[in-house]
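Peer 1: I have a structure here, written as structure tokens, and I will follow up with some questions on it.
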Amino acid sequence: MGNLAPIRRRFTVAAAVLGSIVLALLGYLLWPRAGQGDKQSLIQTRDSLNHEVQKITDPAQTREDLKQLYARNIPDRFSIISEELEGLFKQSGVTPQPIKYSEDLEQKATLPGVQQIKVQTTVSGDYLKVARFINAMEQSKLLFIIDNISLSNQEGGKVSLQISFDTFLKQAA
């Protein structure tokens, strides 16, 4: 029984400290000004999102945004797509297999003035280079929409990535 006295004292001190912390946190939560910063932040976020929605729903702004997208990100020559892909292959250090291009005839009617091109290829290299290639595609000035990716292992630490994606080409007037 004599050995329990120091343990009881330590337990009492620890309980008192924890109780004080709980009371301090409870006081902070119940303090009238607590949470005002969070509320103000939420109001600013709401106002910002409302402004963005208004920009999106403005037909004139939407037409202007589409014109800019078409001008900057959709080429008018097929060779620009090929050149961009070759540059991405070299930049990332992957080895490409033959590239297969095909026109998506179903999408013709939904995107006026734009032809959707389906692209399939396989690239190989070490994992970091393949990841760098995907990242470069996402940051490309051209519009590439990745549809399917299949990664397989090869010998010697190299991987092979089969990738299919869509891109677009302006149609001749």
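Peer 1: Of the residues that make up region 94-106, is at least one closer than 30 Å to residue 169 by Cβ, modelled with pLDDT of 85 or more and touching a Gly at 6+ places or on another chain (Cβ under 8 Å)?
Peer 2: There is at least one residue in region 94-106 that is closer than 30 Å to residue 169 by Cβ, modelled with pLDDT of 85 or more and touching a Gly at 6+ places or on another chain (Cβ under 8 Å).
Peer 1: Does any residue of region 29-47 turn out to be farther than 30 Å from residue 169 by Cβ, aliphatic (A, V, I, L, M) and either surrounded by fewer than 10 Cβ atoms within 10 Å (Cβ to Cβ) or in contact with a strand residue (DSSP E or B) (Cβ under 9 Å, 6 or more places away or on another chain) (or both)?
Peer 2: Yes, because at least one residue in region 29-47 is farther than 30 Å from residue 169 by Cβ, aliphatic (A, V, I, L, M) and either surrounded by fewer than 10 Cβ atoms within 10 Å (Cβ to Cβ) or in contact with a strand residue (DSSP E or B) (Cβ under 9 Å, 6 or more places away or on another chain) (or both).
Peer 1: Kindly provide the set of residues from region 28-56 that are under 23 Å from the mean Cα position of the chain (by Cα) and not small (Gly, Ala, Ser), ordered by number.
Peer 2: Once the filter is applied, which keeps residues that are under 23 Å from the mean Cα position of the chain (by Cα) and not small (Gly, Ala, Ser), region 28-56 yields 45, 46, 49, 50, 51, 52, 53, 55, 56.
Peer 1: In region 142-173, what count of residues is obtained for those that are at pLDDT 85 or above and either closer than 15 Å to residue 100 by Cβ or under 24 Å from the mean Cα position of the chain (by Cα) (or both)?
Peer 2: Qualifying residue count, region 142-173: 21.
Peer 1: Search region 133-157 for residues that are under 14 Å from residue 120 (Cα atoms) and pair each with any residue that is at pLDDT 90 or above and aromatic (Phe, Trp, Tyr) when their beta-carbon atoms are under 7 Å apart and the residues are at least 6 apart or on different chains.
Peer 2: Going by the 7 Å Cβ cut-off, the qualifying pairs are 137/144; 144/165; 145/165; 146/165; 147/165.
Peer 1: With the requirement that a residue be touching a helix residue (DSSP H, G or I) at 6+ places or on another chain (Cβ under 8 Å) and not β-branched (Val, Ile, Thr), what does region 46-82 give you?
Peer 2: The initial filter retains those residues of region 46-82 that are touching a helix residue (DSSP H, G or I) at 6+ places or on another chain (Cβ under 8 Å), namely 55-56, 61-62, 75.
Answer for region 46-82, where residues must be touching a helix residue (DSSP H, G or I) at 6+ places or on another chain (Cβ under 8 Å) and not β-branched (Val, Ile, Thr): 55, 61, 75.
Peer 1: Now, a different point. Would you confirm, using the coordinates I've provided, whether residue 79 is surrounded by 11 or more Cβ atoms within 10 Å (Cβ to Cβ), at pLDDT 90 or above and small (Gly, Ala, Ser)?
Peer 2: Working: surrounded by 11 or more Cβ atoms within 10 Å (Cβ to Cβ): no; at pLDDT 90 or above: yes; small (Gly, Ala, Ser): yes.
Spelling it out, it is not the case that residue 79 is surrounded by 11 or more Cβ atoms within 10 Å (Cβ to Cβ), at pLDDT 90 or above and small (Gly, Ala, Ser).
Peer 1: Restricting attention to region 144-164, report how many residues are of a type in the set (A, V, I, L, M, F, W, C) and surrounded by fewer than 17 Cβ atoms within 10 Å (Cβ to Cβ).
Peer 2: Adding up the residues that qualify gives 4.
The values are calculated or read from the model by the stated rules, or taken from the named source; none is laboratory data. What you see is a predicted model; the values in this text were computed from it and never measured. When we count neighbours, we look across all protein chains shown, and the Cβ atoms used for this are built from the backbone with ideal geometry, even at glycine.
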